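The values are calculated or read from the model by the stated rules, or taken from the named source; none is laboratory data. Keep in mind that this is a model prediction, so the values were computed, not measured. Here the Cβ is made from the backbone with ideal geometry for all residues, glycine too, and neighbour counts use every protein chain on show. These accessible areas exclude ligands, DNA and RNA; they are computed on the full protein's heavy atoms, side chains included. Shrake-Rupley method; radii C 1.70, N 1.55, O 1.52, S 1.80 Å.
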Amino acid sequence: MSFLRHTGLRPLQGLALALACAAFVAPAHAQEFKAGFVNTDRIFREANSAKQAQARLEQEFSKREKELVDLGNSIKAMSEKFEREAPTLSESQRAARQKQIIEQDREFQRKQREFQEDLNARKNEELQQVLDRANKVIKQVAEAEKYDVILQEAVYINPRLDITDKVLKVLNAPSAK
């Protein structure tokens, strides 16, 4: 009754207000909230489109990677040869060879950085395409199965809420492109 005194409502008005509120709240409780979770890491590992993207990246970057490995091995061999021969070289020969090794190492490091930047940029492009397609499929599954929310990241998820297998099944279906 103290609430009614503070609001200025008479007891019957308060009862009517409470019943009206209950009428609006009851349907919300009657509907069950349906949540799901999708493990994005699994999508990136197990989706056929992600595997195809990885294969494209390997094909596109394997030649450059091999060239970098060969260049690194060449510099290492040159450095080892220099270490063996340094005691027999004149001061000017030693300085010239050191300068040559340092310059080649700088060039190697520059090429390595460029390679890594290019690889990361292409990897991000490919993964974004996979993620865009996965998100479309997640939305289809959510609408078809009447989910209220689908999470992609969480600290903890009960395994019964994980719908990753359903999403992968649709993503990997022959008609899914």
Only unsatisfied item for E117, checking (1) among the charged types (D, E, K, R); (2) more than 30 Å from R160 (Cα to Cα); (3) touching a residue at least 12 places away in the same chain (Cβ under 8 Å), is (3)
Could you tell me whether the stretch 144-159 includes any residue that is surrounded by 15 or more Cβ atoms within 10 Å (Cβ to Cβ), of a type outside the set (V, I, T) and assigned to a helix (DSSP H, G or I)? no
Assess whether S175 counts as being hydroxyl-bearing (S, T, Y), open to solvent by 50 Å² or more (accessible area, probe 1.4 Å) and either over 28 Å from K66 (Cα atoms) or over 25 Å from the mean Cα position of the chain (by Cα) (or both). yes
Just to be sure before I move on: is S90 closer than 30 Å to I75 by Cα and among the hydroxyl-bearing types (S, T, Y) in the structure I sent? yes
Tell me yes or no: at least one residue of the stretch 123-137 is at pLDDT below 95, surrounded by 15 or more Cβ atoms within 10 Å (Cβ to Cβ) and in contact with a Lys or Arg (Cβ under 8 Å, 6 or more places away or on another chain). no
The correct count of residues that are open to solvent by less than 70 Å² (accessible area, probe 1.4 Å), of a type outside the set (D, E) and part of a helix (DSSP H, G or I) in the stretch 69-119 is 18
